[in-house]
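Here the structure comes first, spelled out in structure tokens, and everything after it is commentary.
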Amino acid sequence: AATSGMSSFGHRRWPSFGSSGSRKSDARDVPRASRDEVQSIITQLNDADATVRRDAAGALRALALHADMKKLIVRCHGIGPLVDLCDGVDNDGRGAEAAARCLWNLAVDDDNKVQIAASGAVPALVAVLASTGEERRGAREAAAGALRNLAVRPEN
């Protein structure tokens with residue numbers, strides 16, 4: 001349910017991400033959030049509830065589709081908690097998948113690649129890639145995508 005530009009996942013409130021139902025990209029559909037909203041979402045990456053952590057990573061992933069939001073997520077120190085979520089112990093891999101997909105989006109930016117690699121993301125993503133089980137297939141795919149984007153820089 002959306003009220004005053006905010007959407008709710010359970011009891012958490014997130015920026016409204018708008019959807020036209022169309023596959024075409026529309027500037028009105030690009031998710032936006034304020035610095036305070038991004039910081040709030042990043043805080044939720046450390047929540048005790050695995051669903052809240054996964055939903056927070058998913059919200060950041062949606063925001064990270066836009067260059068300005070990528071920069072804001074990084075400026076708000078979102079990389080470390082995303083890496084921690086990749087390295088976490090969620091049994092079904094959905095939190096790791098959401099976090100790795102967000103890192104994949106963030107790693108499109110060259111400056112972000114350096115910071116992501118420096119944060120210890122590579123070993124965490126390799127660990128996700130090495131995980132087993134059909135339920136972790138999406139997490140492995142996302143980790144491979146993030147690693148591919150990081151590999152474009154020879155320094156990494």
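The values are calculated or read from the model by the stated rules, or taken from the named source; none is laboratory data. Everything quoted here is computed from the prediction, not taken from an experiment. Cβ coordinates were reconstructed from backbone atoms using ideal geometry, including for glycine residues, and neighbour counts include every protein chain displayed. Side chains are part of the model used for accessible areas, which takes the heavy atoms of the whole protein and leaves out ligands, DNA and RNA. Shrake-Rupley method; radii C 1.70, N 1.55, O 1.52, S 1.80 Å.
Structure values in brief
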| quantity | calculated |
| --- | --- |
| Scan of the stretch 108-133 for residues that are assigned to a loop (DSSP other than H, G, I, E, B), farther than 16 Å from Lys71 by Cβ and among the β-branched types (Val, Ile, Thr), ordered by number | Thr132 |
| Condition met for Ile42 (assigned to a helix (DSSP H, G or I) and open to solvent by 10 Å² or more (accessible area, probe 1.4 Å)) | yes |
| Cys102 over 15 Å from Ala143 (Cα atoms), buried (at least 19 other Cβ atoms within 10 Å of the Cβ) and at pLDDT 95 or above | no |
| Residue match in the stretch 87-103 (condition: assigned to a helix (DSSP H, G or I) and among the polar types (S, T, N, Q)) | no |
| Counted residues, the stretch 116-143 - those being closer than 15 Å to Ala98 by Cβ and within 16 Å of the chain's Cα centre (by Cα) | 10 |
| Criterion violated by Asn112 - all others in (1) open to solvent by less than 50 Å² (accessible area, probe 1.4 Å); (2) in contact with a strand residue (DSSP E or B) (Cβ under 9 Å, 6 or more places away or on another chain); (3) among the polar types (S, T, N, Q) satisfied | (2) |
| Number of the exception - Val89 against (1) closer than 21 Å to Gly145 by Cα; (2) in contact with a Lys or Arg (Cβ under 7 Å, 6 or more places away or on another chain); (3) at pLDDT below 90 | (2) |
